[in-house]
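Since the structure comes first, as structure tokens, the remarks are kept for the end.
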Amino acid sequence: MQRLYAIAWLTWKAAFRFRLFLVVSALLLVSVVGLPLLIKDDGTVRGFTQILLTYTLTAITALLGLSTLWLACGTLARDIEECQVQMLAVKPIARWQIWLGKWLGIVSLDAVLLALSGGCVYGLLQWRAHRLPLDQQQILRNEVLVARGSAREKNFDKEIDARTDQALRERLQKNPLDIGNANLDEVRRQIRENVKAGYQLVPPGYQSRAWRINLGRARHRLRGQPLFLRVKFNTGESAYTGAGPTYDGVFGVGVPQKTRLWQSEVMSMAAETFHEFQIPPDLFDQEGVLTVTFGNLNDTALLFPLEDGVEVLYREGGFGPSFARALAIILCWMALLAAVGLASASILSFPVAAFLSLGLLVMTLSSGTMANAVEEGTIAEYNAEKSTKGSSPADVVVIPAFRAALKVIHLAMDFSPVDSLSTGRSVTWTQLGLALSQIVLLMAGFAGLLGIVLFSRRELAAAQGTQ
């Protein structure tokens with residue numbers, strides 16, 4: 001460990017020699033202090049706090065990510081190119097210790113920078129909260145500066161798939177010729193969307209739809225505690241009219257003769273926007289099932305997505321511990337980037353290693369585009385109105401490659417600490433444990449093992465002459 005600490009300290013000295021620590025610290029300070037002065041919000045304290053959390057933590061993650069890649073590529077590649085590693089290699093220290101020591105140095109540097117910038121964000125939030133009136137403070141403590149758990153309706157994927165397969169079989173039996181020239185996967189996708197819409201749609205004209213949401217074990221500690229409903233719906237009109245008009249509806253919670261009943265006033269809500277409001281406590285039954293009913297008072301059908309249409313939020317803990325766990329997940333991302341940068345520099349020169357690392361980062365950030373291509377089955381143009389798609393000879397290779405890349409990317413990107421904090425959700429110990437195992441142990445460990453093998457096999461004496 002003493003050898004690892006020595007290499008880590010040399011990495012710290014390199015960061016100060018490159019002025020990296022000072023430059024990144026100044027940029028982080030500007031992002032934390034300057035962004036609140038530039039960003040625009042909806043005029044509410046809650047909206048400003050949510051945007052402040054989102055923008056500052058996103059800026060911190062981006063700055064630390066780029067600086068981590070730059071330092072990881074530069075500190076090893078430059079040491080090899082300038083023949084400084086040769087001085088270490090002749091000493092009684094293994095190459096894997098050199099590599100791992102540099103990784104520990106970069107990660108520890110990121111931890112310090114992340115703690116400083118995260119502490120500034122937390123302090124700024126608390127300072128602004130204490131300057132607000134008591135009623136506004138209560139809103140922040142209940143909806144943003146809090147760690148809340150969530151519960152949704154059960155997953156209907158199996159039922160939807162079963163009904164889709166049945167409808168497809170019936171259609172093939174009735175009209176086999178009509179489907180003969182069509183893409184069977186595309187036909188199945190259309191049928192599935194129609195079946196799924198039946199689970200999401202609330203018909204117009206005073207029709208209603210009920211959601212049964214099981215609170216699970218949390219019901220035992222939620223007696224007497226207020227709950228929050230977070231809802232979102234879409235309409236066919238909103239996609240073409242931008243913000244669109246507002247739509248009226250009434251929410252009711254409870255089951256007659258089983259629970260207490262509560263009904264809201266007529267609510268006017270915009271489409272494609274999250275709406276959150278508080279409901280009274282103790283409206284769920286003995287099994288912990290909360291029944292939420294929505295009455296559609298419009299002439300237009302409203303569609304509540306199964307993924308995030310109706311959700312129940314409840315208090316699970318304090319904001320401080322959840323914020324600290326979110327920063328720890330961001331540090332896991334930095335540990336992965338450090339391993340990728342060092343692995344690239346183990347065999348490549350600094351410019352090429354930096355280009356490769358940044359290319360992998362850009363590919364990760366483009367996961368949405370890859371997901372769309374995988375869903376459509378082609379990288380050619382897709383016409384959503386006519387439900388037709390082109391084809392490309394490259395699809396045979398590109399689509400499977402995209403599918404494999406998405407599986408790897410999702411191991412690291414399935415965690416959203418910034419989104420969770422901005423909506424007042426809890427970042428749990430379970431999420432942090434999964435992040436450590438998937439991002440650090442699995443992904444960073446694989447990159448580290450690859451980097452150590454490449455670095456151990458590299459001919460250092462000929463490195464300067466081969467660049």
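The values are calculated or read from the model by the stated rules, or taken from the named source; none is laboratory data. What you see is a predicted model, and the numbers here were worked out from it, not measured in a lab. Note: ideal-geometry Cβ built from the backbone for every residue, glycine included; neighbour counts use all protein chains shown.
Screening Ala62 with (1) more than 28 Å from the chain's Cα centre (by Cα); (2) surrounded by fewer than 16 Cβ atoms within 10 Å (Cβ to Cβ) gives one miss only, at (1).
Please specify each residue of the stretch 117-165 satisfying the condition of being out of contact with any Gly (no Cβ under 6 Å at 6 or more places or on another chain), surrounded by 15 or more Cβ atoms within 10 Å (Cβ to Cβ) and among the small types (Gly, Ala, Ser). Within the stretch 117-165, Ser117, Gly118, Ala129, Gly149, Ser150, Ala151 qualify.
Answer yes if at least one residue in the stretch 193-201 is in a strand (DSSP E or B) and either modelled with pLDDT of 90 or more or of a type in the set (Val, Ile, Thr) (or both), and no otherwise.
Yes, the stretch 193-201 contains at least one residue that is in a strand (DSSP E or B) and either modelled with pLDDT of 90 or more or of a type in the set (Val, Ile, Thr) (or both).
Quick check: anything in the stretch 263-285 without any contact (Cβ under 8 Å) to a residue 12 or more places away in the chain and either surrounded by 13 or more Cβ atoms within 10 Å (Cβ to Cβ) or of a type in the set (D, E, K, R) (or both)? Within the stretch 263-285 (the criterion being without any contact (Cβ under 8 Å) to a residue 12 or more places away in the chain and either surrounded by 13 or more Cβ atoms within 10 Å (Cβ to Cβ) or of a type in the set (D, E, K, R) (or both)), the answer is no, since none of the residues qualifies. Taken as a whole, the structure leaves Ala243 outside the set of residues that are of a type outside the set (Lys, Arg), surrounded by 12 or more Cβ atoms within 10 Å (Cβ to Cβ), out of contact with any Ser or Thr (no Cβ under 8 Å at 6 or more places or on another chain) and modelled with pLDDT under 90.
Out of all the residues in the stretch 129-175, which are among the polar types (S, T, N, Q) and more than 21 Å from Leu421 (Cα to Cα)? Hits for the stretch 129-175 are Asn155, Thr164, Gln166, Gln173, Asn175.
Only one of the numbered conditions (1) buried (at least 16 other Cβ atoms within 10 Å of the Cβ); (2) at pLDDT below 85; (3) farther than 30 Å from Asp419 by Cβ is not met by Leu100, and that is (2). Restricting the first member to the stretch 163-174 and to residues that are in contact (Cβ under 8 Å) with a residue 24 or more places away in the chain, and the second to residues that are part of a helix (DSSP H, G or I) and of a type in the set (S, T, N, Q), no beta-carbon pair is closer than 7 Å while six or more apart or on different chains. For the stretch 323-360, a residue qualifies if it is in contact with a Lys or Arg (Cβ under 8 Å, 6 or more places away or on another chain) and of a type outside the set (Phe, Trp, Tyr), and the qualifying residues are Leu342, Ser346, Ile347.
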